[in-house]
Structure formats: structure tokens, C-alpha cells
Amino acid sequence: MEAILKEKLWTYIIDHNPDLMYDLQEEYRVTDYLDEKVASIIRDVEDLMDKDLPFATIQEICVERMTVELRPSKFLFVRDIIKIEFPLAYEAMTESGMLTYEVINLIRFCEKIFDKYGFSEHTVHDKKLRAAIVGEVDFYIS
């Protein structure tokens with residue numbers, strides 16, 4: 001079960017938080033990070049198994065719990081802004097294979113704004129936050 005949870009967590013990180021993926025790889029901390037996250041919910045796994053829940057349900061609940069601090073995804077937020085507000089730049093980045101790299105750079109470029117608004121599930125729809133990020137993206141790609 002632990003191996004499956006690590007695999008599912010890593011897949012989630014690759015899809016939603018590639019910036020974290022690159023940081024963990026750069027620091028050679030992938031295994032430690034995954035081990036820590038799975039260890040943090042192992043008691044939950046045991047409790048859920050005792051309730052005779054389906055295996056898939058247990059996995060889903062555990063991944064949900066392990067990814068709480070990774071949501072919402074800054075990567076998806078910035079990528080969607082580029083896609084919607086700057087479609088030509090989005091297309092060019094996608095075709096060149098640089099989209100992920102540029103979105104990660106933009107996340108770092110916009111970090112002060114994310115901090116200022118306390119980027120979270122509560123602020124992800126804040127119009128001022130979005131406008132500030134759109135402005136930074138415009139500046140970055142211009």
C-alpha cells in the first residue's frame with residue numbers, strides 16, 4: 001500500500017506541482033519527501049482499512065490528505081492565466097516545449113504577489129490576485 005501511495009503522490013506532484021518536483025529532484029529529496037508524506041498518514045490508512053472501505057477509496061482519501069498543502073496549484077493557476085490571457089504566448093511556449101519551464105519561472109517571479117495575497121483555496125478566485133498575476137505575466141513575457 002505504501003508503494004502505491006508514493007506512486008500516486010508523485011504522479012499528483014508531477015501533474016499539479018512540477019515546481020516542487022524539480023525542487024525535490026534538484027535537492028535529491030524525492031524519496032525522503034514521499035516517505036515523510038506517506039508516514040504522516042499511515043495511521044489513517046490503518047483506520048480506513050479497518051472500516052473495510054474499498055482499496056480505491058482508501059487511496060483517494062489518503063492522496064487527498066497528503067496533498068492538502070499542495071492545493072491550490074500555483075502551477076495550474078499561472079498556466080491557466082497564460083492560456084486564457086496570452087494565448088499566443090501559450091501556444092509558442094507549448095510548441096517549443098518550454099511551457100512547464102516558463103510557468104515554473106513565473107511562479108518564482110510572482111512569489112511576492114502569492115505571498116501578499118496568501119495564495120490558498122480562499123484567495124484563488126480573488127480578482128485582485130488574478131489581476132496582479134496577469135500584470136506580472138505580461139511584464140515577464142513582453
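Given the structure, is Lys51 more than 19 Å from Glu121 (Cβ to Cβ), basic (Lys, Arg) and either surrounded by 12 or more Cβ atoms within 10 Å (Cβ to Cβ) or in the same structural domain as Gly118 (by TED's automatic domain parsing) (or both)? Answer is no for this residue.
Taken over segment 15-48, residues that are modelled with pLDDT of 95 or more and either polar (S, T, N, Q) or surrounded by fewer than 12 Cβ atoms within 10 Å (Cβ to Cβ) (or both) amount to 10.
The values are calculated or read from the model by the stated rules, or taken from the named source; none is laboratory data. Everything numeric here is computed off the predicted structure, so don't read it as measured data. Note that each Cβ is placed from the backbone with ideal geometry, even for glycine, and that neighbours are counted across all protein chains shown.
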